[in-house]
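A quick write-up on the structure given underneath.
The values are calculated or read from the model by the stated rules, or taken from the named source; none is laboratory data. Bear in mind the structure is a predicted one, so any value in this text is a computation, not a measurement. Cβ coordinates were reconstructed from backbone atoms using ideal geometry, including for glycine residues, and neighbour counts include every protein chain displayed. The area values use the complete protein model at the heavy-atom level, side chains included, leaving out ligands, DNA and RNA. Shrake-Rupley method; radii C 1.70, N 1.55, O 1.52, S 1.80 Å.
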Amino acid sequence: MDNQQKRNLTFLTIGLIFMLSGIEYAVILPTIWRYLQILEAPPYFLGLGLSAFSLSGLLTGPLFGLWSDRSKTTKTIILFSNLFEIVGNFMYFLGYSKWLLLGSRLVAGVGAGAGSSIFSFLTRSTRPDERAGIFAAIMACRQAGLLVGPAFNLFLRLCDFKLGPFVVNKYTSPGIFMCLLWVLLQFVVLAMYWDVPPLSSEGDAVMLEIKREENDEEEVPLMGSDDEPVHTYRAVNSDQSDASASSDMQPVHGPLSAPNAFENFSASREFLREEVVVLLTAQFITLFNQTALETMVTPLTQRHFSFGELGNSLMYSLCGVEVILGFFFVRWLSRRVEDRAVLGLGLIICCTACIWCLVFLCDPRGGYEWELTAFIIGVFLQLLGLPFVAVSQVSLFSKVTAEKTQGFSQGVRRSVGGLATILGPLWAGGLTNNLYVMLGMMLALLIMITVMTVLSYDRLTEPKAVQSAQSCDSGGAADRQTDWNSAEGTV
């Protein structure tokens with residue numbers, strides 16, 4: 001099996017990982033509110049339960065990213081992190097008390113920290129011009145899980161039996177169900193996931209070989225000796241060839257010539273640049289608003305529309321369909337429009353959605369039909385802007401930060417998002433009866449990041465030095481380009 005086949009199977013496995021994370025969210029969110037009420041938990045425990053998962057990911061994301069940057073491997077990290085998902089979901093199944101339920105989400109959240117390592121791997125294994133499309137496809141897999149999850153809830157809600165001393169009902173069954181799925185995923189990762197070499201490593205080696213062969217052709221006399229040795233570079237060099245070719249490989253920067261990823265690395269210089277601050281702020285505000293709305297939706301539908309578990313599950317299914325279609329549209333759009341333009345369009349849609357909710361949902365009037373229609377339009381607009389902002393800011397972030405420390409950088413980005421998913425439910429959990437304050441703050445944050453994006457628009461692009469290097473690497477004669485494309489492959 002060549003590297004291209006291994007890479008494709010690895011990408012498929014990553015898609016399954018994200019799909020399972022979506023399924024877990026979809027099967028637990030519609031029932032956790034009633035589960036906590038049965039365990040006699042106060043209302044604020046809903047916000048705590050949702051935030052606990054994000055807290056673990058916030059703390060472990062940079063650590064997993066640091067691990068992947070130093071080891072340049074992700075398979076071991078994924079296998080290790082999945083163990084926490086297995087244990088956490090089994091604890092959720094036990095559910096003896098509200099504190100055990102809270103602890104289960106805290107333990108399961110550790111597994112989510114491996115996402116920084118996965119995004120680091122994707123950055124090193126994709127070209128910048130196709131990265132947004134790959135990220136959109138991976139994120140769509142999570143949304144597919146959100147779509148499939150409620151379908152599982154349709155039969156999980158029918159569970160009512162005992163498994164030894166444990167009670168299996170519609171509230172505890174999501175825990176044991178997800179525990180079994182994560183166990184099965186461990187075997188999939190063992191069989192179908194490879195730490196394939198980064199494209200930059202393969203590309204650098206092939207370009208060195210091409211340039212070396214051209215130089216040899218220029219220097220070899222017309223009547224050369226057949227016994228003269230021919231010097232070529234290979235993608236994997238022996239220690240001897242590394243030593244003898246070190247002078248030729250010095251100008252090339254990448255994994256082959258940078259064994260220490262954190263040499264001369266400065267966190268302040270990396271993360272306090274204007275464009276990085278804007279993208280991290282966009283990450284925070286987007287997830288803060290999203291999780292605040294998700295926390296508010298369940299009590300709102302119960303109060304105004306008398307939705308139960310079935311109604312909420314069907315609602316999340318329809319939401320999943322919309323978001324998946326949105327991600328595929330962004331995947332198509334990203335090939336024709338710059339990432340920063342996609343980000344700006346997404347922020348405009350989000351501002352429009354928040355204004356609609358502020359006007360029509362805070363003090364609904366006009367009867368049940370009009371209230372339901374206004375609610376559906378508000379949710380539709382909120383979900384419509386999500387793929388635009390999510391894909392563009394992740395793609396831009398991977399381009400404006402150093403590739404050699406992508407794991408740590410992605411960990412920081414996901415930690416910022418984790419902080420948002422902690423504060424969002426806590427903010428909304430106490431304001432479900434005061435929507436003007438909750439939505440007013442969300443709109444203010446959206447306006448702020450929109451203004452920041454406009455002012456920093458010129459800087460929200462890939463550094464010119466990187467673009468020039470890529471242009472030089474991809475330039476040249478037609479046959480050289482063909483060799484380069486065949487070696488690199490299509491991801």
(Q) Any residue that is open to solvent by 10 Å² or more (accessible area, probe 1.4 Å), out of contact with any Ser or Thr (no Cβ under 8 Å at 6 or more places or on another chain), under 27 Å from Gly15 (Cβ atoms) and at pLDDT below 80 - is there at least one of those in region 328-347? (A) no
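Per-residue answers, yes or no, for (1) without any contact (Cβ under 8 Å) to a residue 12 or more places away in the chain; (2) open to solvent by 10 Å² or more (accessible area, probe 1.4 Å); (3) closer than 30 Å to Ile118 by Cα:
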| site | (1), (2), (3) |
| --- | --- |
| Val394 | no, no, yes |
| Val412 | no, yes, yes |
| Leu419 | no, yes, yes |
| Leu423 | no, yes, yes |
| Met438 | no, no, no |
| Ile449 | no, no, yes |
Q.
Ala26 - would you say it is assigned to a helix (DSSP H, G or I), farther than 13 Å from Gly115 by Cα and open to solvent by less than 30 Å² (accessible area, probe 1.4 Å)?
A. yes
Q: Can you confirm whether region 380-392 contains a residue that is over 30 Å from Ser120 (Cα atoms) and among the hydrophobic types (A, V, I, L, M, F, W, C)?
A: yes
Q. Picking from Phe360, Phe307, Phe284, Phe271, which residue would you name as being open to solvent by 40 Å² or more (accessible area, probe 1.4 Å) and either acidic (Asp, Glu) or within 30 Å of Gly407 (Cβ to Cβ) (or both)?
A. Phe284
Q | Number of the exception - Phe135 against (1) at pLDDT 80 or above; (2) open to solvent by 10 Å² or more (accessible area, probe 1.4 Å); (3) not small (Gly, Ala, Ser) | A | (2)
Q) So which residues in region 98-122 are of a type in the set (Val, Ile, Thr), touching an Asp or Glu at 6+ places or on another chain (Cβ under 9 Å) and open to solvent by less than 30 Å² (accessible area, probe 1.4 Å)? A) Val110
Q.
Residues that are touching a Lys or Arg at 6+ places or on another chain (Cβ under 9 Å) and modelled with pLDDT of 85 or more: does region 415-436 have at least one?
A. no
Q | All positions within region 61-86 that are among the aliphatic types (A, V, I, L, M) and either farther than 20 Å from Lys404 by Cβ or in contact with a strand residue (DSSP E or B) (Cβ under 7 Å, 6 or more places away or on another chain) (or both) | A | Ile78, Leu79, Leu83, Ile86
Q: Mind telling me which of the residues Gly95, Gly49, Gly88 ends up being crowded, with 19+ Cβ neighbours inside 10 Å, without any contact (Cβ under 8 Å) to a residue 40 or more places away in the chain and closer than 25 Å to Ala151 by Cβ?
A: Gly88
Q: Scan region 146-188 for residues that are in a loop (DSSP other than H, G, I, E, B), in contact (Cβ under 8 Å) with a residue 60 or more places away in the chain and surrounded by fewer than 19 Cβ atoms within 10 Å (Cβ to Cβ) and jot them down.
A: Lys170
Q) Applying the selection to region 396-410, what residues are open to solvent by 20 Å² or more (accessible area, probe 1.4 Å) and not charged (D, E, K, R)? A) Ala402, Phe408
(Q) Residue under question is Thr13, and the condition is that it be open to solvent by less than 20 Å² (accessible area, probe 1.4 Å), touching an Asp or Glu at 6+ places or on another chain (Cβ under 7 Å) and touching a residue at least 24 places away in the same chain (Cβ under 8 Å); does it hold? (A) no
Q) Exactly one of (1) modelled with pLDDT under 50; (2) assigned to a helix (DSSP H, G or I); (3) closer than 30 Å to Cys141 by Cα; (4) not small (Gly, Ala, Ser) is unmet by Val277. Its number? A) (1)
Q: Being among the aliphatic types (A, V, I, L, M) and either in a helix (DSSP H, G or I) or in contact with a Cys (Cβ under 6 Å, 6 or more places away or on another chain) (or both) is the filter here, so list the residues in region 34-57 that pass it.
A: Leu36, Ile38, Leu46, Leu48, Leu50, Ala52, Leu55
**Q.** Criterion violated by Val337 - all others in (1) among the β-branched types (Val, Ile, Thr); (2) under 30 Å from Arg157 (Cβ atoms); (3) not in a helix (DSSP H, G or I) satisfied
**A.** (2)
